[in-house]
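Here the structure comes first, spelled out in C-alpha cells, and everything after it is commentary.
The values are calculated or read from the model by the stated rules, or taken from the named source; none is laboratory data. Being a predicted model, the structure only gives us computed values, none of them experimental. Positions of Cβ are backbone-derived with ideal geometry, glycine not excepted, and every protein chain shown enters the neighbour counts. Just so you know, the surface numbers come from the protein's heavy atoms only, side chains and all, with ligands and any DNA or RNA stripped out. Shrake-Rupley method; radii C 1.70, N 1.55, O 1.52, S 1.80 Å.
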Amino acid sequence: MKVTEYAKAAGFFALYVLGFLLTKAVIRYRIYKEVYWITCRTISQLHDFKHEGISKDLVQHIFYKTLEKNMPNVAIMSKRKKEKIDMMRTYIKNRNSAETVLFEVIVILASLVLWIGLYIALPFVPYNIAAATLLALINLIYWCSLYCKRLISVYSVIIDGKDESFNATYTKAWFLHSFYK
C-alpha cells in the first residue's frame, strides 16, 4: 500500500498542529511563571506587615512596585522611542531562560515540520523550496514575536499606566487575593 504525497503532507500538517498547541502552552507557561515570581516577591514583602494592616490597596501597591522593579530584568526599553519596549533586544535578553529555550525548540521543530508539509504539498509551485522556506520563516517569526509580546504584556502597566493593563496581570496572581477581604 502506497501513501500518497497529500496523505504524507496531511500527516506533517497534523504534527504541525501539535507543535502549534505545544507552542501556545509554553507561552502560557512563561506568562504564568513570570506572574508567579512577581507574586512570590510580593508575598515575601507582605510578611513585613501585620495581618490586620494588609489591604487590597497595599497588596496591589506592592505588586505594582515589584513589577516596576523586575521589569528591567525582563524587558529592554527602546533607545529611540521612549515609553516603548524594544522587542528584539528583549527577546535576545530572555534567550537563556529555560522557558525560552523550550519554546525555541518546539517552535523550530514545528516550523521544520511545517516546511516539510509545505514542500510535499506544493510540488507544482515553482520554487517550492523557497515558498516552503518563506512560509516556515514567517511562522517562526510570528511565534517568536507573539512570545515576546505576551511576555512584555505582563509589564505593560509600567509603560501605559492603565488600570486595565494592571488588572490583566494582577488577575493572574489569584493567590494574592486571599491576603485581604
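Looking only at residues in region 153-177 that are among the hydrophobic types (A, V, I, L, M, F, W, C) and exposed (fewer than 14 other Cβ atoms within 10 Å of the Cβ), which one is modelled with the lowest pLDDT?
Among those that are among the hydrophobic types (A, V, I, L, M, F, W, C) and exposed (fewer than 14 other Cβ atoms within 10 Å of the Cβ), it is Phe175.
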### Message
So Arg150 ticks every box in (1) assigned to a helix (DSSP H, G or I); (2) at pLDDT below 95; (3) open to solvent by 80 Å² or more (accessible area, probe 1.4 Å) but one. Which box is left unticked?
### Response
(2)
### Message
List the residue pairs whose Cβ atoms are under 6 Å apart, where the first residue sits in region 113-137 and is closer than 13 Å to Glu5 by Cβ, the second is among the acidic types (Asp, Glu) and loosely packed, with under 15 Cβ neighbours inside 10 Å, and the two are 6 or more positions apart or on different chains.
### Response
Ile120/Glu5
### Query
Quick check: is even one residue across region 52-61 within 26 Å of Ser178 (Cβ to Cβ) and β-branched (Val, Ile, Thr)?
yes
### Query
Scanning for something surrounded by 15 or more Cβ atoms within 10 Å (Cβ to Cβ), in contact (Cβ under 8 Å) with a residue 40 or more places away in the chain and part of a loop (DSSP other than H, G, I, E, B), does region 21-37 turn up at least one residue?
no
#### Entry: Count of region 91-141 residues which are part of a loop (DSSP other than H, G, I, E, B) and either basic (Lys, Arg) or open to solvent by 50 Å² or more (accessible area, probe 1.4 Å) (or both)
6
